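*Asks:* First the structure, then my questions, so here it is.
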Amino acid sequence: MHTSSKKTNTADLSAILEGLLKADIQFILVGGLAAVIQGAPVTTIDVDIVHNRSSENLSKLFCFLKSVGAIYRRPDDKIIEPKEEDFTGHALFSTQLGALDVLAFIEKGKGYKDLLEHTVEIDFRGHTLRVLDIKMLIALKKLSNDPKDKQRLPVLEETLRQLNEKSDNDTE
C-alpha cells in the first residue's frame, strides 16, 4: 500500500487542501502554493502548511495523514509512517495525493499563532482557507538563506506591486 503513495507521480494539491479543510484542521498555507493562490507566476510541487499545535488539532492532522497514506519523504526507500508526536519541527510527507510539508514553524521560529495576523482568508470549495499574505511571504523570503527563495523574491515583489496597483484602481 505505502509504496504506491511514495511513488505518486501526479499531485493533486487542491485535494490535499480540501482534505485538510474537511478534516477541520487549523493551518496556514505557506510557501509556493500560498504565492500561486495570490497570483504569483511560480510553480510548486507540494503543499506547505504551518499548523496549530493544540493537541486536538494534532490528533486531527494525524488522522488525516493516516487517511491519505502519508509516509516520510526520504532519499532511500525506507518506509516510515508518521507518529502523533512527530509534529514538533518539519515533517515532509509523501501521500496518495502528493507531497505535504507539515511545519511547526517557519523562518525566525514563527508558528501558527505568530502568523495568523498575516493571513488572508480565501474561499476554497466552500471552506475558508487561511493563506500567508504576500507581504509576509516576501519578508520571510528575505530572511531565508535558500537560493530558491532568493530567486523567487523579485517575482513575489512584482506580484505584490501588481496587487497593490489593482487595489488602488479598484478604490478609485
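*Asks:* Residues in segment 63-83: is at least one within 14 Å of Ala104 (Cβ to Cβ), crowded, with 19+ Cβ neighbours inside 10 Å and under 15 Å from the mean Cα position of the chain (by Cα)? I'd like the intermediate steps shown before the answer.
*Replies:* Taking segment 63-83 and keeping what is within 14 Å of Ala104 (Cβ to Cβ), we get 82.
Those still in the list that are crowded, with 19+ Cβ neighbours inside 10 Å too: none.
No - not one qualifying residue is present in segment 63-83.
*Asks:* Asp48: outside any helix (DSSP H, G or I) and at pLDDT 90 or above, yes or no?
*Replies:* Numbers: outside any helix (DSSP H, G or I): yes; at pLDDT 90 or above: yes.
For Asp48, the condition - outside any helix (DSSP H, G or I) and at pLDDT 90 or above - is met.
*Asks:* So which residues in segment 11-28 are over 12 Å from Leu65 (Cβ atoms), among the small types (Gly, Ala, Ser) and surrounded by fewer than 18 Cβ atoms within 10 Å (Cβ to Cβ)?
*Replies:* First, pick out the residues of segment 11-28 that are over 12 Å from Leu65 (Cβ atoms): 11-15, 17-18, 21-22, 24, 26-28.
Those still in the list that are among the small types (Gly, Ala, Ser) too: 11, 14-15.
Ser14, Ala15 - these are the residues of segment 11-28 that are over 12 Å from Leu65 (Cβ atoms), among the small types (Gly, Ala, Ser) and surrounded by fewer than 18 Cβ atoms within 10 Å (Cβ to Cβ).
*Asks:* Next question. Does Thr119 satisfy being surrounded by 15 or more Cβ atoms within 10 Å (Cβ to Cβ) and closer than 14 Å to Leu61 by Cβ?
*Replies:* Values: surrounded by 15 or more Cβ atoms within 10 Å (Cβ to Cβ): yes; closer than 14 Å to Leu61 by Cβ: no.
For Thr119, the condition - surrounded by 15 or more Cβ atoms within 10 Å (Cβ to Cβ) and closer than 14 Å to Leu61 by Cβ - is not met.
*Asks:* Which of the residues belonging to segment 85-102 are farther than 16 Å from Thr44 by Cβ, in contact (Cβ under 8 Å) with a residue 12 or more places away in the chain and not β-branched (Val, Ile, Thr)? Walk me through how you get there before you give the answer.
*Replies:* Start the filter on segment 85-102 by keeping residues that are farther than 16 Å from Thr44 by Cβ, which leaves 85-91, 96.
If we keep only those that are in contact (Cβ under 8 Å) with a residue 12 or more places away in the chain as well, we get 87-91, 96.
Once the filter is applied, which keeps residues that are farther than 16 Å from Thr44 by Cβ, in contact (Cβ under 8 Å) with a residue 12 or more places away in the chain and not β-branched (Val, Ile, Thr), segment 85-102 yields Phe87, Gly89, His90, Ala91, Gln96.
The values are calculated or read from the model by the stated rules, or taken from the named source; none is laboratory data. Computed from a predicted structure; not experimentally measured. We place every Cβ from the backbone using ideal geometry, glycine too, and count neighbours over all the protein chains shown.
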